[in-house]
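Below is one structure, written out as structure tokens; comments come after it.
The values are calculated or read from the model by the stated rules, or taken from the named source; none is laboratory data. Since the structure is predicted, the reported quantities are computational estimates derived from the model, not experimental observations. Cβ placement follows ideal geometry from the backbone for every residue including glycine, while neighbour counts extend to all protein chains displayed.
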Amino acid sequence: MPQLRKRYEIEPKDFVRAGEVSLQVQRTLRNLGFDEDLIRRASICAYEAEMNIVMYGGKGELVLTVSPNEIVLNVNDDGVGIEDIAAALKEGYSTASAAYREMGFGAGMGLPNIKRNADFLDIHSGHGQGTCLNIVFNFAGDLE
Amino acid sequence: VKKASLSFPTPVRYVEIDEERCNGCVLCMKACPTKAIRVHEGRVAKVIGACVACGECIRVCPRGATRAITTDQGHMEGAKYSAVSASTVLYSQFGENVMPNDILLGLRKMGFSYVHDLSYTNEMFNGAIELYIRDNRKKEHAPWPLISPVCPVVVRLIACRFPELLQHIPSLAAPREIVAREAKKRLAIKHGCDESDIKTTHITPCPAKMTCLMEPFFQTHSYIDGAVGISQIYNLLRKNIEEVEEDEVLHHSGGVGLGWGMSGGEISGVGMSCLAVSGLQDTIDYLERIEMGRLPNIDYVEFRTCSEGCLGGLFTVADKYQAKRYMQQLVRMYGVEKRVKYEYIKKLYTRGWFFADKKADIRQGVLSRTSLTERIDRQKRVDEIVASLPRKECGLCGSPDCETFAEDVVDGRVHLDNCLYFQEKKPKSIGIGCESESSRHREQAVP
């Protein structure tokens, strides 16, 4: 089964290039001719995950895997991690600093947004353990 | 493996490239927002993809080799009556002592039987936007924010690069179309003739208006019979303005509709949360933000791909910043209070007066009939080639950037040897203090 894998490194605190990786993901999916709604959902998830690394992560990476029946985003970082995953999945919950809020982030919508747009979301994290997201999108096989 | 190639609906061309003048440099190819240009055999630029008529290739060409295709004046043939409307930019082109009314009289002296002041319709359109936004707010899951349908380049750019955002564009007809439609209808009744006996002309700062005639997006056909650039009639009109003797009032509008030529002019009369974005790069940036849902709390965005708005159009004569000054003076002079009654606009809106007669079509290049498996395979080959390229993005191969070059190679349009760096299998050192390796790449090929 053919598989396309692309790996992107994400630098913490690099607000100049923030968003670039999710744009790449979007471009790739568009080149592959996916349905616009699927592209939008996947790009939003990639963007939220990317911004989480930029804000809270240590060094991180995003791996995009496209197979003929699913799109997977694996996002890992060695940052501060999430202490209370259940709380972080609630809309409006945020640990963002005042400075981040001033920049327009930290509305507590990141993970909830990913959960809403993905078909499957798995989070592995803990205080000081970094974060590992597994985000999956399914579609009905080959688009023929 | 079948070749997956991008196929576009028969491209309508808005620019022509003079092969005598073109020296095959990379400037137009680099400037094109849809990557529609290639430099053929290092000699001459060719348009091969979907053109959105933004005019960037014309702006950047130092040799004047790229030109906008315009309609010839033949559209007036067989006209019993002629109607004209001009972009309000025209009012800013003759300096501060020539008033809109002088210009409208000058147009009539040029021989048009009916001269319409577009700024009046602009002001009415502002009312229609407000009503549309209110309606949209009531709908659940309505696309948000809305995007102005006025700039034809923006609409085409969205269709090519941001198809998902087409649903953000209200299906309202632009004021220039409404005016042409109404002029035909009313003059036909007034003179007891057929609508086809009346020819409508639009005077425009922008070559993209030609595109509305050749390929209307929101109309089954355009009501405008011909579009003429301001610079194309400038001297003739100036002479006619100087010779005007009669003293009739043709200009009735206030400042709200007059300011439309400037960036921010369209939204200045809309009492909601609106943004005005101008310039091609900013337009693309903000469309990307909207696509990612990152422009909250905004109702409506006025996009103009020319910087400073239509004042920066390619067919203008006056310096755009001087013109902006004159236009701001006009807005102050005629005042920002509205002159068209809200009830009247609402009545017309309810009757569908402002609406276009069809929705926009997606113009995105679609991958020809290949399976996803084949498309994944194609993308892998593209990525492999990209990983082997030095990523200098120089364009010497004839494609606009390394990634597009790799696609062109995989799709069989060019040979890998076209890459100067690839010919010698190692990155050359060209330039001042150049890096030996492409060390700054974040993207890495995964084995």
Discussion item. Here's a check for you: in region B:276-296, which residue that is surrounded by fewer than 21 Cβ atoms within 10 Å (Cβ to Cβ) and touching a Pro at 6+ places or on another chain (Cβ under 8 Å) is modelled with the highest pLDDT?
Written reply: B:I284
Worksheet item: Failed condition for B:K199, given (1) closer than 19 Å to B:V150 by Cβ; (2) among the basic types (K, R); (3) crowded, with 22+ Cβ neighbours inside 10 Å, with all others met?
Response: (1)
Practice prompt. Hey, could you check region B:46-93 for residues that are of a type outside the set (A, V, I, L, M) and within 17 Å of B:G395 (Cβ to Cβ) and say which is surrounded by the most Cβ atoms within 10 Å (Cβ to Cβ)?
Written response: B:C57
Worksheet entry | Residue list for region A:29-76, filter: surrounded by 22 or more Cβ atoms within 10 Å (Cβ to Cβ), more than 14 Å from A:D119 (Cα to Cα) and within 8 Å of chain B (Cβ to nearest Cβ) | A:Y47, A:V66
Item to complete: Check whether at least one residue in region A:79-99 is under 19 Å from A:R17 (Cα atoms), more than 10 Å from the chain's Cα centre (by Cα) and free of Cβ contacts under 8 Å to residues at least 40 places away in the same chain, and report yes or no.
Response: yes
Practice prompt. Provide a single number: the residues in region A:13-22 that are crowded, with 17+ Cβ neighbours inside 10 Å and either of a type outside the set (S, T, N, Q) or within 7 Å of chain B (Cβ to nearest Cβ) (or both).
Written response: 3
Discussion item. Report every pair of residues separated by at least 6 positions or lying on different chains whose Cβ atoms are under 7 Å apart, first residue within region B:262-273 and of a type in the set (D, E, K, R), second in a loop (DSSP other than H, G, I, E, B) and surrounded by 20 or more Cβ atoms within 10 Å (Cβ to Cβ).
Written reply: B:E266/B:S148; B:E266/B:V150
Discussion item. Filter region A:92-104 down to the residues that are surrounded by 14 or more Cβ atoms within 10 Å (Cβ to Cβ), in a loop (DSSP other than H, G, I, E, B) and touching a Gly at 6+ places or on another chain (Cβ under 7 Å) and list them by number.
Written reply: A:Y93, A:S94, A:A96
Discussion item. Scan region B:312-327 and tell me whether some residue there is of a type in the set (A, V, I, L, M), part of a helix (DSSP H, G or I) and closer than 30 Å to A:A49 by Cα.
Written reply: no
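Checking the conditions here, which among B:I230, B:I241 is among the hydrophobic types (A, V, I, L, M, F, W, C) and surrounded by fewer than 20 Cβ atoms within 10 Å (Cβ to Cβ)?
B:I241
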Worksheet item: Within region A:127-139, is there a residue that is assigned to a strand (DSSP E or B), within 14 Å of chain B (Cβ to nearest Cβ) and in contact (Cβ under 8 Å) with a residue 24 or more places away in the chain?
Response: yes
Worksheet item: If you check B:R176, B:R134, B:R186, which single one turns out to be modelled with pLDDT of 90 or more, buried (at least 19 other Cβ atoms within 10 Å of the Cβ) and assigned to a helix (DSSP H, G or I)?
Response: B:R176
